[in-house]
Amino acid sequence: MGIMSKILGGGGNRSVDDYVELDMDDFAEASAETGMRVHIAEIGDQSDVIPIKDAVYDGDFVIADITRHSTSDRTVEHIIDELRQVAREVDGDIVQKGDDQIVLAPTGVRISREKLS
């Protein structure tokens, strides 16, 4: 299983300890040129949306955990609508993966709706 499959896979509670830092010295120069970062976020309430929006406006990619809410919860509906608006404003993209994650991409980045096989 690849690292993105591990990041995007499965639900449940996750913590910083669940993510393994990989040695990326060989790629440091390339990432400095692009300037894009991938952020992992957890949405517990409406106030958690602010740093997510800021990250996307800054050109970063966000994977947000929404497991604290039911997908039928009005709070989640409002949050998703707000994040859709951000994606439209920056010409980015947004998808919901299952009932537990939202993936938000910055300007010019499109998220495939098809799994790699």
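Throughout, read-outs are computed from the coordinates displayed, never taken from laboratory work. Note that the coordinates shown come from a computational prediction; the quantities given were computed from them, not determined experimentally. A quick note on method: Cβ atoms are made from the backbone with ideal geometry, for glycine too, and the neighbour counts reach across all protein chains shown.
Karplus-derived 3J(HN,Hα) values for the stretch 96-101, using 6.51 cos²θ - 1.76 cosθ + 1.60 with θ = phi - 60°, are 9, 9, x, 9, 10, 9 Hz; glycine and proline are entered as x. When each of the peptides 55-67, 76-88, 105-117 is scored by the mean number of other C-beta atoms lying within 10 Å of its residues, the order from highest to lowest reads 55-67, 76-88, 105-117. Stretching Thr107 away from Asp54 to a fully extended chain increases their span by 17.8 nm, per 0.36 nm per residue minus the current alpha-carbon distance.
What's the exposure ranking of Lys53, Lys97, going from fewest to most Cβ atoms within 10 Å? Can you show the working numbers first?
Details: Lys53 17, Lys97 14.
So the residues, fewest neighbours to most, are Lys97, Lys53.
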